Structure formats: structure tokens, C-alpha cells
Amino acid sequence: MMKINVDRGKSVQILAACSANLLSILFGFVLSWTSPAIALLQSEQSPLESGPITIEEVSLMTALMYVGCCLGSIVAGWLANAVGRRTSLLILVVPQLVGFILIAVARNVIYLHISRVFSGFAAGSCVCVFPIFVSEISDKSLRGVVGNILGFGFNFGCLVGKILTSYGGFYATPIAVFVIIGIFIVIFINLPDTPQYFLLRDRPVDAERSLKFYRGIPKDEMMPPNVEEEFSELKKSPSLTNQNVSLSLQNFKGGSTLLAIFITFFLSCNQNFTGNRILIGYTMTLLQKSGSLMDAAAVDVAITGIQVIVAIASIFIVKISGCRNTLIWYYAISAISLAIAGIHYFLHEIYVDMSNFWWLIFISMAVSVALPGTGLNSIAFALPAEILPAKIRGSVISSFLVLSWILAFLSVQFYFPLATFWGNSVWMWIFAVFCLIGVFFTYFLIPETQGKTFDQIVEILDKKIPNKLK
């Protein structure tokens with residue numbers, strides 16, 4: 001009977017994570033939609049009544065998504081604590097729905113600009129709340145694997161979004177979004193909120209019911225010893241006590257807490273400097289500027305397909321190697337592939353014929369998109385929810401996401417003007433350097449969280465802090 005409960009509990013956790021992950025798929029749609037849509041919107045076949053759009057309008061359309069992400073991240077931290085993780089995710093499908101309705105009825109580029117703000121608001125909020133929800137419902141032995149589903153959903157969304165827009169037409173993606181949102185609401189509305197949220201709101205009875213649900217235990221049965229012990233640890237956890245008291249500076253003190261905040265800051269901001277958002281948003285345009293003779297649309301879809309395969313593999317890689325080792329290797333491999341892409345662009349920029357070396361830019365771009373888009377980004381979103389105290393979790397994650405989205409807006413908005421000035425090669429080498437920095441940062445400061453309780457993670461963080469700084 002115990003074995004059945006454990007297996008059932010893991011199935012429930014995976015189902016709940018996959019349901020929430022439908023929002024990650026939508027985020028993939030939002031981010032990747034621009035890559036194939038840009039060429040269409042700039043052509044004479046533009047679906048807009050106003051006609052083709054300019055490169056300046058393209059950059060603004062892409063960058064405005066991150067303005068919405070900033071606004072969404074500001075609201076998400078408060079919303080997650082005010083109404084709960086589950087209810088927040090249900091509410092946040094509304095701006096996503098509005099965003100794609102605007103795309104479906106767009107007559108000029110203004111519709112698309114406003115749409116990107118709404119879509120960005122929903123995406124920025126969801127990537128803040130989603131990791132918190134998943135980490136709080138998951139058993140410690142399953143947390144790393146379930147958390148990495150975020151990467152798979154995002155990359156699968158990127159692939160489907162590019163295929164739909166490239167081969168299904170301008171309106172195919174909005175239709176798919178409406179269907180996904182309907183499925184999400186039907187499933188997710190029947191799930192309870194997390195045990196941690198109920199404890200934060202001083203509702204221990206609801207917390208117990210929630211934990212039993214996510215551990216596969218029927219309502220009328222007693223908790224088995226292992227789940228009873230888990231619930232007891234949650235109730236005694238310092239991060240879940242005295243939660244009716246407002247946040248103060250005291251909540252942000254302590255060596256382990258400060259280190260967790262610093263790690264969150266690095267992981268949130270470094271997502272921009274790996275180049276992943278540029279590479280996914282402008283894949284087709286970058287391929288066209290590489291000097292290689294290829295079908296850019298087909299190669300764009302192929303690269304995103306590789307991204308999905310790596311995302312699936314990453315679930316098992318994280319399970320076997322843990323988050324920390326996966327981060328180190330992914331950062332290292334990404335640094336090498338970006339450096340190679342930089343060499344390719346540099347040779348093209350000095351007028352070396354690179355038309356016969358399409359395979360070089362294909363491989364380097366595929367790796368440079370796939371690894372940051374899977375392991376690096378999904379771990380960067382999921383890991384802070386595991387290392388930060390519950391009381392400050394929402395506010396810290398949302399604050400640094402705001403900073404990350406601001407950096408994303410600036411990098412996306414000014415990528416092409418600066419690339420015209422110093423070339424795509426310099427950008428690739430900058431991205432490679434920051435990946436290399438990520439290797440050393442992860443090795444020395446980031447703890448392994450897989451299979452560990454929050455209190456055990458705190459102990460590991462404490463050991464990484466020099467005595468004189470404690």
C-alpha cells in the first residue's frame with residue numbers, strides 16, 4: 001500500500017507540473033514567434049493592412065515583450081503570496097489570452113507592440129510563480145527532474161511556435177494558444193495550492209490536505225511515517241513560521257540567505273549574457289547574416305528541434321548528475337560553441353567566403369541555442385525557489401527577474417545597432433566570456449540541491465561562506 005501511495009504521489013506531482021508547464025509552452029510561443037514572423041512582417045506579403053514594418057519596429061516589437069515581463073515580475077511576487085501560487089497562475093492566463101487576441105486582429109504594428117506587452121506580462125509573471133509552485137509540491141527526490149520540465153515546456157513551445165508561424169501562417173499560433181489555455185484551465189482549476197502557501201497563511205489543516213494530495217494519499221487515510229515527518233519538518237521550518245509579520249530587513253540577513261540572494265541575482269541576470277534570448281528571438285535573421293547558403297527557415301526549425309531533444313535529455317542528465325554539475329558542463333560547452341560562432345562571423349565580416357561552412361554555423365548555433373535554452377535557463381528559473389527562504393522567495397525572485405528583463409530589453413533593442421557597429425562576432429565572444437564566468441561561479445558558489453531538504457541546503461550554503469563573513 002505504501003509503495004502504491006508513493007508512486008501515485010509522484011504521478012500527481014508530475015501531472016501537476018506538466019499542467020503548469022503549459023504556461024511555459026506559451027512562453028516559448030511568445031519568445032520564438034518573432035523569429036519566423038519578422039521575415040513575413042517585413043515582406044510585401046505582410047498580413048498587416050498597414051503593410052511591411054521597418055527594422056526599428058521589429059526591434060521595438062521584440063523588446064517590448066521584456067517591458068511586459070518587468071511589469072509581470074513586479075506583480076508576481078506579491079500575487080503569489082496574496083492569492084496563492086495556483087490562483088496566480090490561473091489569473092495570469094488572462095493577459096496571455098489578450099496578447100494573442102491582439103495578434104489575431106492586428107491591423108498595424110501598434111497592435112503587435114501592445115500585444116507583446118501583454119504577452120510579456122503573462123510570461124514574466126509565470127516564470128516567477130511556476131518554479132515556486134513546482135518546487136513546493138515536489139518531493140525532494142523528484143524536485144530536480146520536475147523543475148527541469150520548465151525547460152522542456154519552454155523549448156517545445158519554441159519549436160511548435162516556429163513551425164506554426166513558418167508553415168501554418170501568421171494566425172496559426174494564436175489559434176493554438178487559445179486551445180492550450182483552455183486545456184490548462186480545465187486541469188489546473190482542480191488542483192489545490194501548495195502546502196507551503198497554506199502554512200504561510202497559517203492554514204495548517206489545508207496544508208495537510210494539500211500535502212496528502214501531492215503525495216498520493218487519500219483524504220480519509222492517515223499520513224505514512226515518511227510524509228508525516230516531512231509535514232512536521234515543514235511546520236517547524238524557520239522559513240515558514242511567523243509569516244503574518246511583514247517583511248523586514250531582518251528577513252534578508254544571515255550568510256546563507258545573502259549567498260542565496262547573490263546566486264539568484266547571478267542566475268537571473270546571466271541568462272541575458274549567454275545570448276540565448278538574442279539567439280532564439282533572431283535565429284533566422286542571424287542565420288541569414290552568417291554568409292552560409294541554407295534554407296534559414298528550415299534550419300531555424302531544425303535548431304529548435306535539437307533544442308527540444310536536449311531539453312528531454314536534460315531531464316535525465318539533471319537526475320543523474322544534479323543541477324550543479326549540469327550547469328558547469330552546459331556553461332563550458334556553450335562557451336566553446338559561442339566562441340566558434342564568433343570565429344565564423346568574424347571570418348565572414350572580413351570577407352572570407354563561408355558559404356561552404358554552413359555546417360559550422362549550424363552546429364555552433366544549435367549548441368548555443370539548445371544548452372542555454374534548456375539546462376541553463378530552466379535551472380536558473382528553478383534553483384532560486386529551492387535555495388531562498390519561503391518568506392522572501394517571491395519578492396527576491398520577482399525583483400531580480402525585473403532586473404533581468406530590463407537587461408533583456410536593452411540587449412534585444414540595441415543588438416542590431418551594435419552588431420552593425422562592431423559585428424556579430426564580438427557579440428558571440430561576449431556571450432562566450434559570460435558562459436565561462438558561469439563555469440567558475442557555479443563551481444565555487446552554487447550548491448547541489450537535488451535530494452536535499454531546505455535546511456540541508458542552508459547548511460551547504462553556510463559552508464561556502466568564509467568564517468569572517470558569517
Residues (open to solvent by less than 40 Å² (accessible area, probe 1.4 Å) and either outside any helix (DSSP H, G or I) or not hydrophobic (A, V, I, L, M, F, W, C) (or both)) located in region 301-339 = Thr304, Gly305, Gln307, Ser314, Gly322, Thr326, Tyr330, Tyr331, Ser334, Ser337
Would you pick out the residues in region 171-219 that are out of contact with any Pro (no Cβ under 8 Å at 6 or more places or on another chain), part of a helix (DSSP H, G or I) and among the polar types (S, T, N, Q)?
-> Thr173, Gln196
Top-ranked residue of region 340-356 - restricted to ones that are open to solvent by 10 Å² or more (accessible area, probe 1.4 Å) and among the aromatic types (Phe, Trp, Tyr), ranked as modelled with the lowest pLDDT | Tyr351
Starting from region 175-196, keep only residues that are touching a residue at least 40 places away in the same chain (Cβ under 8 Å), then list their pairs with residues that are outside any helix (DSSP H, G or I) whose Cβ atoms are within a distance under 7 Å, requiring at least 6 positions of separation or different chains.
-> Asp193/Gly84
Could you tell me whether any residue of region 369-390 is more than 17 Å from the chain's Cα centre (by Cα) and of a type in the set (Gly, Ala, Ser)?
-> yes
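Residues to consider are Gly68, Gly77, Gly51, Gly72; find the one that is among the small types (Gly, Ala, Ser), more than 20 Å from Ile278 (Cβ to Cβ) and out of contact with any Cys (no Cβ under 9 Å at 6 or more places or on another chain).
Numbers: Gly68 fails: more than 20 Å from Ile278 (Cβ to Cβ); Gly77 fails: out of contact with any Cys (no Cβ under 9 Å at 6 or more places or on another chain); Gly72 fails: out of contact with any Cys (no Cβ under 9 Å at 6 or more places or on another chain).
On inspection, the qualifying residue turns out to be Gly51.
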Across region 144-179, the tally of residues that are at pLDDT 80 or above, open to solvent by less than 10 Å² (accessible area, probe 1.4 Å) and aliphatic (A, V, I, L, M) stands at 1
May I ask you to say which residue of Ile187, Ile263 is modelled with pLDDT of 90 or more and among the aliphatic types (A, V, I, L, M)?
-> Ile263
Within region 278-298, can you find the residues that are at pLDDT 75 or above, open to solvent by 20 Å² or more (accessible area, probe 1.4 Å) and part of a helix (DSSP H, G or I)?
-> Thr285, Gln288, Ala298
In region 357-397, anything surrounded by fewer than 24 Cβ atoms within 10 Å (Cβ to Cβ), under 30 Å from Asp202 (Cα atoms) and small (Gly, Ala, Ser) is listed as Ser395
Complete set of residues in region 79-101 that are over 15 Å from Phe29 (Cβ atoms), modelled with pLDDT under 90 and of a type in the set (A, V, I, L, M, F, W, C) = Leu79, Ala80, Ala82, Val83
In region 196-206, which residues are under 27 Å from the mean Cα position of the chain (by Cα) and either among the aromatic types (Phe, Trp, Tyr) or modelled with pLDDT of 90 or more (or both)?
-> Tyr197, Phe198
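A quick yes/no check of all residues on (1) aromatic (Phe, Trp, Tyr); (2) open to solvent by 40 Å² or more (accessible area, probe 1.4 Å); (3) part of a helix (DSSP H, G or I); (4) on the phi < 0 side of the Ramachandran plot:
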residue	(1), (2), (3), (4)
Pro417	no, yes, yes, yes
Trp427	yes, no, yes, yes
Cys435	no, no, yes, yes
Phe444	yes, yes, yes, yes
Asp462	no, yes, yes, yes
What tally of residues in region 64-74 results from selecting those that are modelled with pLDDT under 85 and β-branched (Val, Ile, Thr)?
-> 1
Residue pairs qualifying under the 8 Å Cβ cut-off, at least six apart or on distinct chains, with the first in region 391-407 being over 18 Å from Val117 (Cβ atoms) and the second being outside any helix (DSSP H, G or I), are Lys391/Gln243; Lys391/Leu247; Ile392/Leu247; Ser395/Leu247; Val396/Leu388; Ile397/Leu388
Look at region 72-92 and say how many of its residues are in contact (Cβ under 8 Å) with a residue 12 or more places away in the chain and either of a type in the set (Asp, Glu) or open to solvent by 10 Å² or more (accessible area, probe 1.4 Å) (or both).
-> 9
Is one or more of the residues making up region 39-57 surrounded by 21 or more Cβ atoms within 10 Å (Cβ to Cβ) and within 30 Å of Leu142 (Cα to Cα)?
-> no
Do we have Val67 as in contact with a Gly (Cβ under 8 Å, 6 or more places away or on another chain), over 28 Å from Thr194 (Cα atoms) and of a type in the set (A, V, I, L, M) here?
-> yes
Only one residue in Phe431, Phe416 is within 24 Å of Val67 (Cβ to Cβ), out of contact with any Leu (no Cβ under 8 Å at 6 or more places or on another chain) and in contact (Cβ under 8 Å) with a residue 40 or more places away in the chain. Which one?
-> Phe416
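The values are calculated or read from the model by the stated rules, or taken from the named source; none is laboratory data. The shown structure was predicted, so the numbers you read here are calculated from the model rather than taken from an experiment. Every residue, glycine as well, gets a Cβ built from its backbone with ideal geometry; the counts of neighbours run over all protein chains shown. Surface areas here come from the heavy atoms of the whole protein model, side chains and all, with no ligands, DNA or RNA. Shrake-Rupley method; radii C 1.70, N 1.55, O 1.52, S 1.80 Å.
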